[in-house]
1. Percent of accessible area on segment 128-195 owned by carbon and sulfur, 1.4 Å probe?
2. Using the basic label-point model (7 angstrom from Cα toward the beta carbon), what is the residue 215 to residue 85 distance in nanometres?
3. Leaving out ligands and nucleic acids, and using a 1.4 Å probe, what accessible area per residue does the chain come to in Å²?
4. Can you find, among 127, 89, 271, the residue farthest towards the positive end of the dipole of the chain? Put +1 on the C-beta of Lys and Arg, -1 on that of Asp and Glu.
5. If contacts are Cα pairs under 8 angstrom and at least 6 residues apart, what is the relative contact order of the chain in percent?
6. Just the Cα atoms of the chain, one point each, no solvent: what log10 I(q)/I(0) does Debye give at q = 0.07, 0.08, 0.09 Å⁻¹?
7. With a 1.4 Å probe and all protein chains kept in place, how much accessible area does residue 90 have, in Å² rounded to the nearest 10?
8. In terms of the Cα gyration tensor, with a ≥ b ≥ c the square roots of its eigenvalues, is segment 69-173 rounded because a/c is under 1.5, prolate because a/b exceeds b/c, or oblate?
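The values are calculated or read from the model by the stated rules, or taken from the named source; none is laboratory data. These figures come from a predicted structure and were not determined experimentally. Don't worry about glycine lacking a Cβ; one is built from the backbone with ideal geometry, like all the others, and counts go over all protein chains shown. The area values use the complete protein model at the heavy-atom level, side chains included, leaving out ligands, DNA and RNA. Shrake-Rupley method; radii C 1.70, N 1.55, O 1.52, S 1.80 Å.
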Amino acid sequence: MEIEDLFVRSEEVFSCDKGERRLENRENPWALLPFAVFLILFIGVGAYTGDFTKMPAIIAVMIASVLALCMHRKESLASKLQHYFRGAGHPDILMMIMIFLLSGAFSAVAKGMGAVDSTVNLALNLLPANWLMVGLFVIACFISLAMGTSMGTIVALAPIGVGISQQADIAPALSMAVVIGGAMFGDNLSFISDTTIAAVSTQKIKMKDKFKANFLIVLPAAILTAVILFFFTGGGQGSVAGGQDYSILQTLPYIAVLITALLGVQVFVVLILGIVFAGAIGLFEGSYTWLSLVKHAEEGITGMQSLSILVLLIGGMVELIRQYGGIQFLLNLLTSKVRTKTGAQFGIAGLVSLTNLCVANNTISIIMTGPLAKEISDQYGIDGRKSASLLDIFSCSVQGLIPYGPQMLLAAGIASISPVSILTYSYYPALIAVCAVLSILFRFPRLKAVPVSHQQE
């Protein structure tokens, strides 16, 4: 979705049974109750039982959604349902669902014709066992930086990560965390990422200026993540048998997906081309008939149905929370105690973090909190490059750590594991937050004044 559409969303006009009205700037802490119930059911039950599959996320969010619809009795049920459906059916939500469905079809078709096995075996032959996860992380960082989309990176690399896990006796949750970490690296830094565009637009600075400051803050986190992965997978934990067979022809669908993505082709086109290419090779080699090809694609799409429904329900619930004043409460809460420049920077960090925790979308979180962050930075003399970096870093950190975020759900769905299990290995998203906190405390990086001509009009 274009960034302009996201800015329109923040000014969206909602209609209800009493006529059209704009969102009220009201605050209400009780509006966050459905979100709290969702977390208690989804994470709390899993922590209590020791099994995070005991409470399906889709049931937890359904219960929380029903609770949200029962709240705010002054508004009619018809009006609340209208808000709920608008949130669930927003183009941003529908875009994610289409990516889920197409990625499911591509994964199934590519796997059925041998692309996953050949690609994994090629990687196993080229890299020693203790470099597999490091290599996967570096590749994910590079691809996401070029693509500017964390979702596209996960679509391209998650199936390969699953295959490597199976062949190398590495926990699939670890490989998915590595892919997500690399995906968030580019989501945070890429010049064409929606989060970067939103951050620099709201803080009125140039992209290259924000990139330089942001990169200096997160580089130690990337290096430390690579070091952790090297020792984590290099201590004899994984074993890989050498000499695995692979076919270069069968690896071409993934190579084609990566190349077209790096060239900036829209993710929908990338996935459709990948499906067609994988299917054509499968037909050529005899792995598929026309009917079996269609059947595999249908199975891949069907496997993403629960995930798609979950995203719809979360979108609707978040919109009701926003309507009831829950997001506004967070905004007011985090800005009321700001007194110093350091406190103001922590206020910006907390502002975007808690907002992202509730809406599960880092771009929208930046757009919602960016104008207020700009006011805070102007009032306390915070460099726009630093405030933009903080917005982007903390939103991407939270996005890479919430088990109900689309990135985590997509990776977990491809690997057929619980999204909560990935949190154990989510080194990079956690480390960038730590590095950002240290940058606030130690006033790093020391930024030189930007000439007026370099600032965004």
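1. Within segment 128-195, the accessible surface is 69 percent carbon and sulfur.
2. The two pseudo-label positions are separated by 4.8 nm.
3. Values: 19130 Å² over 457 residues.
In whole numbers, the chain has 42 Å² accessible per residue.
4. It is 89.
5. On the way: 742 pairs, mean separation 121.4, N = 457.
Worked out over the chain, it gives 27 percent.
6. Debye intensities relative to I(0), on a log10 scale: -0.36, -0.47, -0.59.
7. Approximately 20 Å² for this residue.
8. In terms of gyration-tensor shape, prolate.
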